[in-house]
1. What are the pairs, 6+ residues apart or on separate chains, where a residue within the range 167-185 that is within 18 Å of residue 235 (Cα to Cα) and near the ligand (Cβ under 9 Å from one of its atoms) has its Cβ under 9 Å from a residue that is aliphatic (A, V, I, L, M) and assigned to a loop (DSSP other than H, G, I, E, B)?
2. Would you mention how many residues in the range 190-226 are in contact (Cβ under 8 Å) with a residue 40 or more places away in the chain, among the acidic types (Asp, Glu) and either closer than 22 Å to residue 146 by Cα or part of a loop (DSSP other than H, G, I, E, B) (or both)?
3. If the requirement is being within 18 Å of the chain's Cα centre (by Cα) and either within 16 Å of the ligand (Cβ to nearest atom) or under 30 Å from residue 81 (Cα atoms) (or both), which of these qualifies: 100, 156?
4. Do any residues in the range 106-127 that are of a type in the set (Asp, Glu) have Cβ atoms under 6 Å from those of residues that are assigned to a loop (DSSP other than H, G, I, E, B), where the two are at least six apart or on different chains, and which pairs are they?
5. Could you give every pair whose Cβ atoms fall below 6 Å, whose first residue belongs to the range 4-24 and is of a type in the set (Val, Ile, Thr), and whose second residue is more than 10 Å from the ligand (Cβ to nearest atom) and assigned to a strand (DSSP E or B), counting only separations of at least 6 or pairs across chains?
Amino acid sequence: MRKTIVAGNWKMNGSSESIKSLMGALTAGVVAVDGLETLVCPPAPYIGLVADLKGESPIALGAQNVSAQESGAFTGEWSLGMLQDLGCSHVILGHSERRSLFGETDADVADKFVAAVDADVIPVLCIGETLEQREAGQTIDVVSAQVDAVLNQAGSERFMNAVIAYEPVWAIGTGLTATPEQAQEVHAAIRAQLAQADADMAAKLPILYGGSMNAGNAAELLAQNDIDGGLIGGASLKADEFLTICAVAAERRK
Ligand code: PGA
């Protein structure tokens with residue numbers, strides 16, 4: 001059975017105070033379940049704080065972005081080595097906000113993906129279509145091109161140590177969620193595409209859904225065959241919502 005992952009993308013939110021309180025509730029409430037990974041991705045300045053606060057709890061730590069460079073004159077960037085130094089096991093790459101607001105291209109994302117896997121940090125590769133693309137019937141083409149851009153550069157072997165997050169752009173932060181059927185259709189298409197490169201890898205690769213997942217809709221999304229967890233923004237900032245989603249995911253492991 002594939003791993004299930006519930007990941008919180010805190011985006012650019014929080015303060016020392018709010019993070020202490022959120023982590024207090026999460027460490028108290030999270031339950032270790034075989035095959036279920038709980039991950040939080042704080043803003044970079046707070047990664048060290050969260051590493052301290054998580055202590056021995058079964059919460060994994062990730063970043064929301066990273067440079068593909070190792071070190072040097074790259075003002076405002078941070079490296080995979082630094083993330084590892086702080087205890088990060090994962091890094092979100094190619095989030096639609098990075099692509100649309102900060103100009104990250106498929107090629108940038110592919111470079112970061114290769115660097116992350118080679119540094120033993122698990123990339124959570126985000127892909128997804130805009131509303132215009134969905135309405136034009138281009139969803140599968142768009143998502144498949146985003147996967148191909150990384151697959152062609154990284155090779156299928158590197159996907160053995162990766163996670164994909166399908167996040168329809170129109171569902172992110174909007175309160176609109178893909179229906180379980182819409183999400184399942186895209187997840188299955190991504191898995192089929194990967195299977196052409198390596199069937200074993202495709203069968204093992206966790207594909208998360210992201211886009212207004214919350215305590216109310218998690219169960220029906222996670223019930224789908226090819227949905228292996230969630231990448232959660234807004235609802236990950238509320239301990240009770242996030243823990244409810246974790247509990248739903250834990251239920252799915254039984
Ligand atoms: P959302 O964000 O849950 O607030 O829609 C998800 C994401 O952007 O990863």
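Where a number appears in this text, it was derived from the coordinates with a stated rule and is not lab data. Owing to the predicted nature of the structure, the values given are computational and were not obtained by experimental measurement. With ideal geometry, Cβ positions are generated from the backbone for all residues, glycine too; neighbour counts draw on all protein chains shown.
1. Correct list of pairs: 171/178; 171/213; 177/213.
2. Qualifying residue count, the range 190-226: 2.
3. Values: 156 fails: within 18 Å of the chain's Cα centre (by Cα).
Going through 100, 156 in turn, the sole match is 100.
4. 111/68
5. These pairs meet every condition: 4/36; 4/229; 5/37; 5/229; 6/38; 6/229.
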